[in-house]
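Accompanying notes for the structure given below.
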Amino acid sequence: MADCTPTALAQEARCFLCAPSNVLEAIKTLLLCRLLQHYEPTMNCDVQALASSSTCFQCADQRTIAAIQTQLLCSILTAVEGGTGTGVVCGPLNPPVANPGVSCQIYYNPTVGGLWSWDDNLTLWVQLIGG
């Protein structure tokens, strides 16, 4: 199962430390929407649709939003992990070449900002951002 303690999360997130905060927010938004699309294929991930859906959170401060996002991500990870192992892996390849041997994994290349998600059903890496 996922280890969502602050120490474990900080350790796994270390490869994202050099990314600007606006890029991190864009990555998180896209990842959350793509995760939802996996379970709800009709989900619209364009900016206008997401902005319209998020109006109830616009009055919350950034720290509250960050805490909510972290908990949501850990809940999603725990729900989809199924005890098979998962996480964020960093490296220099675009895209990663090997099957990670787990059902759910995110791969980030900090040099070029490439982000991939492993699709165990298709047995391939799906590019999410850049690279």
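All of the numbers you see were taken from the coordinates with simple rules; none came from a lab. Source: prediction; values computed, not measured. Neighbour counts are summed over all protein chains in view; Cβ atoms, including those assigned to glycine, are modelled from backbone coordinates with ideal geometry.
Looking only at the range 1-12, which residues are surrounded by fewer than 14 Cβ atoms within 10 Å (Cβ to Cβ) and part of a helix (DSSP H, G or I)?
Our first condition is that a residue be surrounded by fewer than 14 Cβ atoms within 10 Å (Cβ to Cβ); within the range 1-12, this holds for 1, 3, 5-8, 10-11.
Result: 6, 7, 8, 10, 11.
Would you pick out the residues in the range 30-64 that are closer than 24 Å to residue 114 by Cβ and out of contact with any strand residue (DSSP E or B) (no Cβ under 8 Å at 6 or more places or on another chain)?
Narrowing the range 30-64 to residues closer than 24 Å to residue 114 by Cβ: 30-38, 43, 45-47, 50.
Scanning the range 30-64 gives 32, 33, 35, 36, 37, 38, 43, 45, 46, 47, 50.
Restricting to the range 31-53, name every residue that is of a type outside the set (Phe, Trp, Tyr), farther than 23 Å from residue 130 by Cβ and exposed (fewer than 12 other Cβ atoms within 10 Å of the Cβ). Let's see the steps before the verdict.
Step one: of the range 31-53, the residues of a type outside the set (Phe, Trp, Tyr) are 31-38, 40-53.
Still in the list and also farther than 23 Å from residue 130 by Cβ: 40-42, 52-53.
Of everything in the range 31-53, those that are of a type outside the set (Phe, Trp, Tyr), farther than 23 Å from residue 130 by Cβ and exposed (fewer than 12 other Cβ atoms within 10 Å of the Cβ) turn out to be 40, 41, 42, 52.
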